[in-house]
Amino acid sequence: MPSRLKAAIPKLASLNIERSVAFFERLGFTRRYSDKDYGIVERDDVQLHFWLCVDARIPKETGCRITVEGIDGLFEAYSGESVIHPNGHLELKPWGVREFSILDLDGNLLTFQQAAA
């Protein structure tokens, strides 16, 4: 059987695991695991992992992209939580996706995207 990649799981820097996990719970994710050094949240088929970091510059330089269905509803819900990046409002990109971005409390940039119809 040929090898095939099935999924990617982002591992993001966190300055405070409990705070990161609680932030994503507010956005509809479920806590799967957390201790003082590592955390995992999940929503639908997506997991986010967090590792404890002491350098505040690192999360400000990291992020990930998450493919979604129903991007309009997700954007509306997250807009109500005041987490949309100032330059990350929902828009059509030339590479064929509609996307928006949020910042978590440590500065990780998460971009949610859906293929343009």
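The values are calculated or read from the model by the stated rules, or taken from the named source; none is laboratory data. Values in this document were obtained by computation on a predicted structure and should not be read as measured data. Virtual Cβ from ideal backbone geometry, glycine too; neighbours counted across all protein chains shown. The accessibility values were calculated without ligands, DNA or RNA, using every heavy atom of the protein model including side chains. Shrake-Rupley method; radii C 1.70, N 1.55, O 1.52, S 1.80 Å.
Note down the magnitude of the dipole of the chain about its Cα centre, charges +1 on Lys and Arg C-beta and -1 on Asp and Glu C-beta and zero elsewhere, to the nearest 20 debye.
320 debye
On alpha carbon coordinates alone, what is the Rg over Rh value for segment 61-117, Rh being the Kirkwood radius?
With Rg and the Kirkwood Rh in hand, the quotient comes to 0.94.
Which is the longest part of the chain that has none of the trypsin sites (Lys or Arg not before Pro) sitting in a DSSP loop with at most 16 other Cβ atoms within 10 Å?
Here the longest run is 58-117.
Are there chymotrypsin sites (Phe, Trp or Tyr not before Pro) in segment 13-117 that DSSP puts in a loop and that have at most 11 other Cβ atoms within 10 Å, and which ones?
TRP95
Do any GluC sites (Glu not before Pro) in segment 36-117 lie in a DSSP loop with no more than 15 other beta carbon atoms within 10 Å, and if so, which?
GLU69, GLU81
Could you work out the helix-only [θ] at 222 nm for the chain, with each DSSP H run of four or more residues adding -39,500 (n - 2.57) and the total divided by the number of residues, to the nearest 500 deg cm²/dmol?
Dividing the helical sum by the residues of the chain leaves -5000 deg cm²/dmol.
I need to check one value: relative contact order of the chain, counting alpha carbon pairs closer than 8 Å and at least 6 residues apart, in percent.
Relative contact order of the chain: 24 percent.
Ratio of the chain's C-alpha Rg to 2.2 N^0.38 Å, to two decimals?
1.08
Tally the DSSP beta bridges in the chain and give the antiparallel ones as a percent, rounded to 5.
That works out to approximately 70 percent antiparallel.
How many percent of the accessible area of the chain is carbon or sulfur, using a 1.4 Å probe?
The value for the chain is 53 percent carbon and sulfur by accessible area.
Take the alpha carbon gyration tensor of segment 24-92, find the square roots of its eigenvalues, order them as a ≥ b ≥ c, and report rounded if a/c is under 1.5; if not, report prolate when a/b exceeds b/c, else oblate.
oblate
Once the piece of chain linking ARG32 and ALA116 is laid out straight, how much longer is it, given 0.36 nm per residue of separation minus the C-alpha distance between them?
Residue separation times 0.36 nm, minus the Cα-Cα distance, leaves 27.1 nm.
Check the straight Cα-Cα distances from LYS36 and name the lysines below 30 Å, setting aside those fewer than 8 residues away within the same chain.
LYS6, LYS11, LYS60
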